[in-house]
Amino acid sequence: MPAFDLVTEAWLRARFGDSPTPEPVGLRDVLHRAGEITEIAVDLPTQWPALMRQVLLPVVVHALGAPATHRAWADRFTHGTFTEAELAILDAYLEEHRPRFDLFHPETPFAQVADLHTVRDETKGAGLIVAPEATGNNVPLFSARTEDDPPQLTPAEAALWLLHAHCWDTAAIKTGAVGDPMVKSGKTTGNPTGPLGQLGVIMPVGRNLYETLLLNIPIGVQGRLGTPQWTRTITATWESRAAQGLLDLWTWQSRRIRLIPEQTPEGIRVPRVVVAAGDRLAMTPDWEPHTAWRTNAPAKTAKRTAKAAKPTPQRPLRHMPGKAIWRGMSALLAVEAEETASFRTSELLDQIRGLSGDGLIDEHYPLRAETFGVVYGNQSAIVEDVLHDMVPLPVAALRVDADVHFAVLEATEQAEQLAQALNYLSADLRRASGLDPIPWDKGQRPGERLLYLLDPVVRRLLRGLQNVPDEDTLDRGRLAWERQARRLALQVADSVHVAVPESVFAGRETRKSDGSTAAAYPLGIAVNDFYRRLDRILPRAADERRTFSPPEREAHP
């Protein structure tokens with residue numbers, strides 16, 4: 001049986017500083033050089049949270065413990081890298097558990113079951129654990145392979161896709177393994193997706209890997225740490241249960257897997273696998289740190305005030321396909337939320353807010369929020385899309401009493417309102433020309449074009465708001481944002497106007513419900529309504545234009 005030691009083998013690709021070329025490194029080297037590493041390169045974005053939760057974070061937390069207080073966290077964070085004493089503890093920890101970090105160990109292969117097999121010893125192509133590959137009903141549109149041509153995974157590739165399968169695997173039918181108590185007719189049904197597939201994953205990102213690790217470790221969780229999977233014996237038998245602590249949740253074994261290596265002229269390859277049902281998470285605990293939450297807030301009535309309202313169950317807030325993360329900023333910044341609020345931000349972002357309030361993290365720190373998600377289709381049995389985004393996130397915006405908090409929420413809300421104003425303009429002009437408005441779920445409405453153009457502008461604004469020295473600078477930044485937003489809105493409005501026929505100048509007569517007729521949205525009314533909305537949405541730009549521009553109305557869009 002070949003060996004592949006994840007502690008020393010170079011199975012990860014790390015970028016150091018500004019170098020564009022990743023360098024192969026093993027787990028021990030990653031921890032020793034965490035202060036120098038700016039990125040771990042992966043083949044699919046969703047491999048990164050799987051690697052963090054299944055390996056990096058559990059090793060660090062189980063070996064060194066989680067910070068008990070904000071001050072203890074800040075003391076570790078300011079080091080910028082692991083100390084010599086911490087590295088000695090990490091090295092000893094990895095040495096102690098080293099047999100469990102061998103990918104092909106004959107008895108305890110990492111995150112696998114050594115003797116996993118079916119009654120007929122059937123195996124499947126390694127593409128079964130590779131999300132973009134065609135397997136069974138999962139046939140990606142642009143797959144370069146078919147199921148009859150499975151990939152020959154290197155050990156490094158197999159390790160990352162193994163972790164990915166535990167976190168993001170599709171639902172539905174899985175191979176029935178010997179020892180699985182729920183096998184019927186050689187298969188197990190009712191399997192949910194991997195645990196991360198049920199979340200909208202949010203991870204705070206720092207300037208280097210060390211800072212990112214610290215930013216993703218909850219503070220004061222000593223009472224609910226639990227143990228990682230490599231401290232237990234995993235067999236084909238699985239159960240539906242609650243997570244027994246943070247480390248159990250991070251290293252959740254949602255599948256029973258066995259990689260089947262072969263020696264080839266190119267070296268060790270993994271062409272075949274066995275993937276069976278694994279543990280089912282009874283529910284996502286409310287202390288899951290890597291997601292924001294949605295709450296069905298109870299309605300306020302005369303008898304049921306906000307103070308009297310009881311908290312309602314929360315569920316993970318998933319990301320919307322095709323929607324940039326800054327468009328959900330109200331959820332990211334939902335810190336110190338009332339019990340009746342619709343959203344609650346992630347525990348980790350709320351933790352950063354507390355650290356900022358205590359003066360333990362600089363308000364100008366270049367924090368980023370990275371988001372991940374998977375869109376499943378056909379009863380969650382196939383992967384339709386992978387969602388990934390990253391935005392600058394001003395630390396000050398996490399405090400509800402900070403001006404930057406209001407500036408961020410205002411700008412992102414203005415972008416949505418401008419998109420809506422353009423959609424109203426388009427609908428008015430289409431009605432005037434005898435057409436129906438573009439349905440919200442079909443075609444591309446002009447508001448979507450504007451949001452696409454505003455995307456880099458919003459990101460530049462968020463980056464600028466990370467380093468605002470005073471209120472005057474903040475005011476100038478908000479005015480500059482409104483100027484640019486207005487210019488782009490007028491640019492898209494111009495394209496809307498050009499696309500309609502000349503008949504919209506007079507409008508089209510329509511019959512009202514009472515039988516009378518009226519001109520429906522002639523050009524003048526539609527354009528004036530648009531300008532009024534524009535001035536209301538962007539008041540600073542409107543005030544500046546009224547102050548410094550001639551009194552004539554702007555040219556039509």
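Key figures for this structure:
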item: Qualifying residue in the stretch 458-467 (condition: within 18 Å of Ala331 (Cβ to Cβ), among the β-branched types (Val, Ile, Thr) and touching a Pro at 6+ places or on another chain (Cβ under 7 Å)); result: no
item: From Val221, Val201, residue being at pLDDT 95 or above and touching a helix residue (DSSP H, G or I) at 6+ places or on another chain (Cβ under 8 Å); result: Val201
item: Lone unmet requirement of (1) over 12 Å from the mean Cα position of the chain (by Cα); (2) buried (at least 23 other Cβ atoms within 10 Å of the Cβ); (3) more than 23 Å from Glu413 (Cβ to Cβ) for Thr345; result: (3)
item: Filtered residue count, the stretch 29-41, keeping only those that are crowded, with 20+ Cβ neighbours inside 10 Å and out of contact with any strand residue (DSSP E or B) (no Cβ under 7 Å at 6 or more places or on another chain); result: 2
item: Qualifying residue in the stretch 76-87 (condition: part of a helix (DSSP H, G or I), over 30 Å from His319 (Cβ atoms) and hydroxyl-bearing (Ser, Thr, Tyr)); result: no
item: Filtered residue count, the stretch 343-401, keeping only those that are over 26 Å from Thr38 (Cα atoms) and assigned to a loop (DSSP other than H, G, I, E, B); result: 8
item: Extreme residue, surrounded by the fewest Cβ atoms within 10 Å (Cβ to Cβ), among residues of the stretch 352-383 that are within 14 Å of Leu398 (Cβ to Cβ) and under 18 Å from the mean Cα position of the chain (by Cα); result: Arg368
item: Single match in Leu409, Leu355, Leu422 (criterion: in contact with a His (Cβ under 7 Å, 6 or more places away or on another chain) and among the aliphatic types (A, V, I, L, M)); result: Leu355
item: Residues being over 14 Å from Asp169 (Cβ atoms) and either surrounded by 22 or more Cβ atoms within 10 Å (Cβ to Cβ) or basic (Lys, Arg) (or both) - total across the stretch 187-198; result: 1
item: Single residue of the stretch 1-26 satisfying the filter (at pLDDT 95 or above and of a type in the set (Gly, Ala, Ser)) that is surrounded by the most Cβ atoms within 10 Å (Cβ to Cβ); result: Ala14
item: Subset of the stretch 1-51 (residues that are in a helix (DSSP H, G or I) and among the small types (Gly, Ala, Ser)); result: Ala50
item: Selected residue (only one of Leu259, Leu225, Leu246 is in contact (Cβ under 8 Å) with a residue 60 or more places away in the chain, assigned by TED's automatic domain parsing to the domain that holds Ala50 and under 26 Å from His319 (Cβ atoms)); result: Leu246
item: Test: residue in the stretch 450-458 that is surrounded by fewer than 20 Cβ atoms within 10 Å (Cβ to Cβ), of a type in the set (A, V, I, L, M, F, W, C) and touching a residue at least 40 places away in the same chain (Cβ under 8 Å); result: no
item: Test: residue in the stretch 182-193 that is part of a loop (DSSP other than H, G, I, E, B) and out of contact with any strand residue (DSSP E or B) (no Cβ under 8 Å at 6 or more places or on another chain); result: yes
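Each row is one residue, and each column tells you yes or no for (1) free of Cβ contacts under 8 Å to residues at least 12 places away in the same chain; (2) more than 24 Å from the chain's Cα centre (by Cα); (3) surrounded by 21 or more Cβ atoms within 10 Å (Cβ to Cβ).
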{"residue": "Asp43", "(1), (2), (3)": "no, no, no"}
{"residue": "Ala50", "(1), (2), (3)": "no, no, yes"}
{"residue": "Pro58", "(1), (2), (3)": "no, no, yes"}
{"residue": "His70", "(1), (2), (3)": "no, yes, no"}
{"residue": "Asp102", "(1), (2), (3)": "no, yes, no"}
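The values are calculated or read from the model by the stated rules, or taken from the named source; none is laboratory data. Being a predicted model, the structure only gives us computed values, none of them experimental. Glycine also receives a Cβ, built like all others from the backbone with ideal geometry; neighbour counts cover every protein chain displayed.
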